[in-house]
Structure formats: C-alpha cells, structure tokens
Amino acid sequence: LKKKGYCHNDGYLTNKEINFIDAIAKEASQDAFNKNYSNSYLDIEKIEGSIKIKHLSNHFKEVKRFSSDNFFTFMSFIFNLNYFPPVEIFNFSSDGTKNDYNLNGKCIENIASHPHRDLKPGFKHYLKAVILLDNVNENNGPTKLIPNTSNMIDFGDKIDFTRETADKLINEKSLKDFSGKKGDMIIFDSSNIHWASNLNSGNRKLLWLYF
C-alpha cells in the first residue's frame, strides 16, 4: 500500500457474507423508496441506473458489527492513530437489464466518474477499501487509479481534475483498474487520482468502506 498506493486482497468475503450485505442493501433501498427512513439515518445518492446508500450502520446493527471486525479496527487505528469506524457505502449500477434497488433506466456514467482526489482536512492520506460484490471487469465500470499521484506538489490541495489532465498523467504513470472477482477487496490511498469508469454492459455491485 505504501509503495503502490493500493493493495489487492483476493477472496476477502465469502458468498454468504456477500448475500448478507446484498439483502440489507435491498431492504434499505426499498424502505428508502417507501420513505420509511429519515435523512438522519441514511444518505442516498441516486442517478439514472445507479444508487449509493451511505451510512448503513446507522440503521443496521449487523453492518456495524461487520465493519468493526478486528481487521478493520486495526487498519483504522494504524492509519488514523485512533479508532474511527468506517463509513459503509453500498453502490449498485446497472445497464438496465436489472431493476433491483428501485432503479430505472441505464447507468451511462457512474457516480464519481470525473477524475478526483479525496483530501481529508488534517490528514495526509485518505484510506478507502472497496469490496467487489460482483465480478468486475472493463465492461462494467471498474474504479481507475493513477498510482503515485498523491504527493505531486504541482497539484497542491487540488481535488478535481479534467479528463485531459488525467490522460496526460496516464501516459507518464501506470494506470491501475480495480477489476477482480466477487469477494475481492482493494485497499487504496484515495489521495491518488481516481474515478469510476463508465459502465458499458452488465451490473456493478460494490461495498465501500471509508476510513
């Protein structure tokens, strides 16, 4: 993680764990659609063909137990020199062939599709983990990351970048995409430039953890 800015862990979640998270996400999206949750519990971002459900553990104790396991607690402590429970975010995007999670239409551009950096006030880095709840490949919109861009002085505290700037950097630095198999987890330093690539076909289902 220190050398490359990311670390890929194969098969972190079992199918049972994935099904557990999926069931909770479907319940959350259905109840949010029926307006059973107030905004104080869940933060939902929705565009055509894509949905993000944030702060799952605010309403689901089971998710809080999951995200507070020993590994995540240790990782948060090493990174923050204190324990801060991660923010859990479920993300689903579809090409329109599936109408799960009360979605309509086709996702053309994923949420957070513009190149950007995440900069946390008072911290040098911002650690994230993304767990693949579906197989992810070039067709269904993997997250892209340009390694070794977190300490580029020219950018200073700049957060957002044009696609042209990102393309120029890709020519100079290797581009990493977070493709992988269902259950894999990628931990990365999101102060490196990254973005969600476009979904061309299929579906993409992810669980994000923000530390």
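The values are calculated or read from the model by the stated rules, or taken from the named source; none is laboratory data. These figures come from a predicted structure and were not determined experimentally. Cβ: placed from backbone, ideal geometry, glycine included. Neighbour counts: every protein chain shown. For the accessible areas, the whole protein counts, side chains as well, though only heavy atoms, and no ligand, DNA or RNA atoms are used. Shrake-Rupley method; radii C 1.70, N 1.55, O 1.52, S 1.80 Å.
Counting only residues that are open to solvent by 10 Å² or more (accessible area, probe 1.4 Å) and not hydroxyl-bearing (Ser, Thr, Tyr), which one in the stretch 197-211 is nearest to Asn9 (Cα to Cα)? Outline the logic, then answer.
Here is the first cut: in the stretch 197-211, the ones open to solvent by 10 Å² or more (accessible area, probe 1.4 Å) are 197-198, 200-203, 205, 208, 210.
Right, trim to not hydroxyl-bearing (Ser, Thr, Tyr) and you get 198, 200, 202-203, 205, 208.
Values: Asn198: 24, Asn200: 25, Gly202: 23, Asn203: 22, Lys205: 17, Trp208: 14 Å.
Only one residue fits best here, namely Trp208.
Asn139 is checked against (1) out of contact with any Gly (no Cβ under 6 Å at 6 or more places or on another chain); (2) at pLDDT 90 or above; (3) farther than 27 Å from Ile78 by Cβ; (4) open to solvent by 40 Å² or more (accessible area, probe 1.4 Å) and fails just one. What number does that condition carry?
(1)
Which residue is farthest from Ile153 (Cα to Cα), if the candidates are limited to the stretch 112-134 and must be open to solvent by 20 Å² or more (accessible area, probe 1.4 Å) and among the charged types (D, E, K, R)?
Among those residues, the one meeting the criterion is Asp134.
Return the pair list, or none, for Cβ contacts closer than 8 Å from residues in the stretch 10-22 that are under 12 Å from Leu132 (Cβ atoms) to residues that are surrounded by fewer than 15 Cβ atoms within 10 Å (Cβ to Cβ) and modelled with pLDDT of 90 or more, at least 6 apart or on different chains.
Asp10/Lys181; Gly11/Lys181
Among the residues of the stretch 53-69, how many are in contact (Cβ under 8 Å) with a residue 40 or more places away in the chain, open to solvent by 20 Å² or more (accessible area, probe 1.4 Å) and within 19 Å of the chain's Cα centre (by Cα)?
Final tally of qualifying residues: 1.
For the stretch 97-111, what are the residues that are modelled with pLDDT of 90 or more and either under 25 Å from Ile78 (Cβ atoms) or open to solvent by 30 Å² or more (accessible area, probe 1.4 Å) (or both)?
Within the stretch 97-111, just Lys106 meets the criteria.
Of the numbered conditions (1) in contact (Cβ under 8 Å) with a residue 24 or more places away in the chain; (2) part of a loop (DSSP other than H, G, I, E, B); (3) open to solvent by 20 Å² or more (accessible area, probe 1.4 Å), Phe79 fails exactly one; give the number of that condition.
(2)
One residue is enough: does the stretch 151-158 have a residue meeting the conditions surrounded by fewer than 22 Cβ atoms within 10 Å (Cβ to Cβ) and modelled with pLDDT of 90 or more?
The answer is no, given that none of the residues of the stretch 151-158 is surrounded by fewer than 22 Cβ atoms within 10 Å (Cβ to Cβ) and modelled with pLDDT of 90 or more.
Find the residue count for the stretch 26-60, including only residues that are touching a helix residue (DSSP H, G or I) at 6+ places or on another chain (Cβ under 7 Å), hydrophobic (A, V, I, L, M, F, W, C) and at pLDDT 80 or above.
Counting residues in the stretch 26-60 that are touching a helix residue (DSSP H, G or I) at 6+ places or on another chain (Cβ under 7 Å), hydrophobic (A, V, I, L, M, F, W, C) and at pLDDT 80 or above gives 5.
Looking at (1) hydrophobic (A, V, I, L, M, F, W, C); (2) touching a helix residue (DSSP H, G or I) at 6+ places or on another chain (Cβ under 8 Å); (3) open to solvent by less than 40 Å² (accessible area, probe 1.4 Å), which one does Phe72 not meet, given that it meets all the others?
It fails just one condition, (2).
Do we find a residue being at pLDDT 90 or above, in a helix (DSSP H, G or I) and of a type in the set (S, T, N, Q) anywhere in the stretch 7-16?
yes
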